[in-house]
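The values are calculated or read from the model by the stated rules, or taken from the named source; none is laboratory data. This structure is a prediction, so every number in the text was calculated from the model and none was measured. Ideal geometry is used to build each Cβ from the backbone, glycine not excepted, and the neighbour counts take in all protein chains shown. Ligands, DNA and RNA are stripped out before the accessible areas are found, and what is left, the full protein with its side chains, is counted by its heavy atoms. Shrake-Rupley method; radii C 1.70, N 1.55, O 1.52, S 1.80 Å.
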Amino acid sequence: MSSAAESLSALTGLIDSGGVRVIDLTQPLEESTPVISLPEQVGKNSPGFSKTVVSNFDADGPAWAWNALHMGEHCGTHFDSPNHWITGREHQTGGPATIPPEKFIAPAVVIDVSAKVAKDADYLMTVQDVLDFEAEHGRIEDGALVLMRTDWSKRTDPAAFLNDGHCPGPSVEVMKFLAEERQTRGFGVEQVGTDAGQAGMFDPPFPAHHYMHLKNRYGLASLTNLDQLPPKGAVVIAAPLKIVGGSGSPLRVLALAPAA
Ligand code: MN
């Protein structure tokens, strides 16, 4: 067997034996799933999740059940593709159907700012937070997916989760840094969007979107269970639906991590 074949066989064996844990970073997708709410003067809002029954073992389909879904692409745990943003709209490989699939699998770097967020719901992750992480755990490797741990996903009440637009996120400077000074693959958060609740007033506005999508990197929003990941060493699989002409999609995000 080639060494790649041996590694893959070892991986599936470790998943079976529990030596590698599979951690679900996905929130449940249901009618109550919170979605971002833009002020009227900013733009039109995107619909939340709903489903209608096509048949449920009844006259419309006696032996089968299935539903029809309706939702915005950016609903629940979801993927922001680079073409979602005006700075990334020209990327030829920036859509959910055009991003090369190997980009959907990445080593994760988990930067924990949850203690700061506990004291300040509008906390902005700084360049210093990243440098402090690197001083302890080493430099962010090329191709890494940077995850901002806030424990915000523990807010199970949708109103507390949206918090009237007061949610943590990254600063302008840290997104410029992660986009330009590190070869990151993407940026993921636990909040409803990759940017802070107040980021519409930043310069540039919505810096996670502005800088990451400009560089053809992607975003992940409404993640959960980041507190179960090691700072380094996990691998995340985040593959959006292959929506032609899309801007992102809800998705199942899985992490593989060594058992503690
Ligand atoms: Mn989004």
Candidate set from the stretch 89-108 (those that are touching a residue at least 12 places away in the same chain (Cβ under 8 Å) and in a helix (DSSP H, G or I)); member that is least open to solvent (accessible area, probe 1.4 Å)
104
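Just checking, which of 193, 219, 233, 246 is within 13 Å of the ligand (Cβ to nearest atom), out of contact with any Phe, Trp or Tyr (no Cβ under 9 Å at 6 or more places or on another chain), modelled with pLDDT of 95 or more and not in a helix (DSSP H, G or I)? Working first, answer last.
Numbers: 193 fails: out of contact with any Phe, Trp or Tyr (no Cβ under 9 Å at 6 or more places or on another chain); 219 fails: out of contact with any Phe, Trp or Tyr (no Cβ under 9 Å at 6 or more places or on another chain); 233 fails: within 13 Å of the ligand (Cβ to nearest atom).
The conditions single out 246.
Return the residue satisfying two criteria in turn: it lies in the stretch 54-95 and is among the acidic types (Asp, Glu) and touching a strand residue (DSSP E or B) at 6+ places or on another chain (Cβ under 8 Å), and of such residues it is farthest from residue 195 (Cα to Cα). Outline the logic, then answer.
From the stretch 54-95, those among the acidic types (Asp, Glu) are 58, 60, 73, 80, 90; that's our starting set.
Retained after the next criterion (residues that are touching a strand residue (DSSP E or B) at 6+ places or on another chain (Cβ under 8 Å)): 60, 73, 80.
Values: 60: 44, 73: 17, 80: 11 Å.
So, considering only residues that are among the acidic types (Asp, Glu) and touching a strand residue (DSSP E or B) at 6+ places or on another chain (Cβ under 8 Å), the one farthest from residue 195 (Cα to Cα) is 60.
Here is a check on your reading of the model: is residue 111 modelled with pLDDT of 95 or more and in a strand (DSSP E or B)?
Values: modelled with pLDDT of 95 or more: yes; in a strand (DSSP E or B): yes.
It is true that residue 111 is modelled with pLDDT of 95 or more and in a strand (DSSP E or B).
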Yes/no for residue 24 being more than 25 Å from the chain's Cα centre (by Cα), of a type outside the set (A, V, I, L, M) and more than 15 Å from residue 192 (Cβ to Cβ):
no
Counting only residues that are within 14 Å of the ligand (Cβ to nearest atom), polar (S, T, N, Q) and open to solvent by 60 Å² or more (accessible area, probe 1.4 Å), how many does the stretch 27-53 have?
2
Take the residues in the stretch 204-230 that are surrounded by fewer than 24 Cβ atoms within 10 Å (Cβ to Cβ), in contact with an Asp or Glu (Cβ under 7 Å, 6 or more places away or on another chain) and not aromatic (Phe, Trp, Tyr), then tell me which one is nearest to residue 77 (Cα to Cα).
224
Looking at (1) under 26 Å from residue 132 (Cβ atoms); (2) open to solvent by less than 10 Å² (accessible area, probe 1.4 Å); (3) in contact (Cβ under 8 Å) with a residue 40 or more places away in the chain, which is the one condition that is false for residue 199?
(3)
Residues (near the ligand (Cβ under 9 Å from one of its atoms) and either at pLDDT below 95 or not in a loop (DSSP other than H, G, I, E, B) (or both)) located in the stretch 73-88:
78, 79, 80, 84
Taking the criterion of being within 15 Å of the ligand (Cβ to nearest atom), part of a strand (DSSP E or B) and either in contact with a Pro (Cβ under 6 Å, 6 or more places away or on another chain) or under 26 Å from residue 156 (Cβ atoms) (or both), would at least one residue in the stretch 198-216 satisfy it?
no
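Of everything in the stretch 117-167, what is part of a loop (DSSP other than H, G, I, E, B) and either within 28 Å of residue 48 (Cα to Cα) or at pLDDT below 95 (or both)? Give them in sequence order. Give the steps one after another, and end with the answer.
Let us first name the residues in the stretch 117-167 that are part of a loop (DSSP other than H, G, I, E, B), namely 120-123, 126, 138-144, 150-151, 155-157, 166-167.
Across the stretch 117-167, the qualifying residues are 120, 121, 122, 123, 150, 151, 155, 156, 157, 166, 167.
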